[in-house]
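Questions regarding the structure given below will be posed in turn.
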Amino acid sequence: MTVHTRPTTTVAAEGLPRRRFTVTDVEAMVAAGIMEEDERVELIGGELVPMSAKGSRHEVIKLELLERWYRLPQETCRLLPETMFRLSEDTYLEPDVVVFERAVGLAGLAGDTVLLVVEIADSSLRYDTGRKAALYASFGVRELWVIDAVALSVHVFRDPSADGYRTTSTVPAGETATPAIAPGAFALRLDDLGI
């Protein structure tokens, strides 16, 4: 696993230093009432980054996807929707779905232990397929799907490295995206969601 070490401050574009936060800091701010528990932010490299607003199409796709996947046998794999996915002491993201082996459990969730991470993008496609995908890759997430809620396609990212994913492809709505590591039952054909 890659160890990410960073200084305790960051530098804003204007050159001014800013305090770098940790996951523990954010949890303490929530406990103290400084931040809302359901505030839509992610912690990236110690900086709190507001998340894009979710559109109705995003929510419809997520609902249909979860309903379909929750019907699958859960003996070996589990689903976790919109979880605080802690990747390091100063980075957590909130993907739409995380698929992981039951044996790993919540305590064992890490970039290199999840089977599949799914992001649904209606207004954030460029960010999710660019900077965010590179971030997931740097933490060893073996497979990332970014569902384009506008064009109805699945951007598949595999084979992570420190510089990003080595293998990428786009699966149109009428074709099936099949996971490389997660069980084949998690295969997805967007046209089958009835959107």
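Per residue and in Å³, how big is the convex hull formed by the alpha-carbon atoms of the stretch 52-193?
98
Could you work out the relative contact order of the stretch 52-193? I mean the mean sequence separation of Cα pairs under 8 Å and 6+ apart, divided by the number of residues, in percent.
18
Something else about it: What is the helix-to-structure angle for 56-70, meaning the angle in degrees between its Cα long axis and the longest Cα principal axis of the chain, kept from 0 to 90 and rounded to the nearest 10?
In the chain, helix 56-70 runs at an angle near 70 degrees to the longest axis.
Still on this model: Taking just the alpha-carbon atoms of the stretch 47-101, what radius of gyration and Dmax come out, in angstrom?
Cα only, the stretch 47-101: 13.3, 38 Å (Rg, Dmax).
Take the chain, mark every one of the trypsin sites (Lys or Arg not before Pro) that falls in a DSSP loop and has at most 15 other Cβ within 10 Å, then report the longest stretch left between them, sites excluded.
Answer from the scan: 103-188.
Bear in mind these aren't lab numbers, they're just calculated from the coordinates by the rules spelled out. Values in this document were obtained by computation on a predicted structure and should not be read as measured data. Note that each Cβ is placed from the backbone with ideal geometry, even for glycine, and that neighbours are counted across all protein chains shown.
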